[in-house]
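Working notes, structure below.
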Amino acid sequence: MANVKTAISLQQPLFERVDALAQELQISRSRLFVLAVEAFLQRYQNRQLLEAINEAYGDLPDAEEQALRDRMRQQHRRMVEGQW
């Protein structure tokens, strides 16, 4: 995969923290930024997936619909009772 160079602007205090961490981890600043962006993207995708799951499960039946389902199950049980 090809690498693409880009320039970013950081406030001096943030740059100094990034530089210090890169030195501590013994990696380049570029590698540190790649790791940070990859982690951010993964968290973002996980959050999007969680929201989609929550939306799908958010359509639970209300009390009236649940009561109807319960009555239908009871009726079905009475109909098939003793057949198996």
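Every number here is computed from the coordinates shown, using simple stated rules; none is lab data. Everything quoted here is computed from the prediction, not taken from an experiment. With ideal geometry, Cβ positions are generated from the backbone for all residues, glycine too; neighbour counts draw on all protein chains shown.
Points worth noting:
- A simple spin-label model places the labels of residue 78 and residue 48 5.1 nm from each other, with each point 7 Å out along Cα-to-Cβ.
- With the convex hull drawn over the C-alpha atoms of the chain, the volume per residue is 252 Å³.
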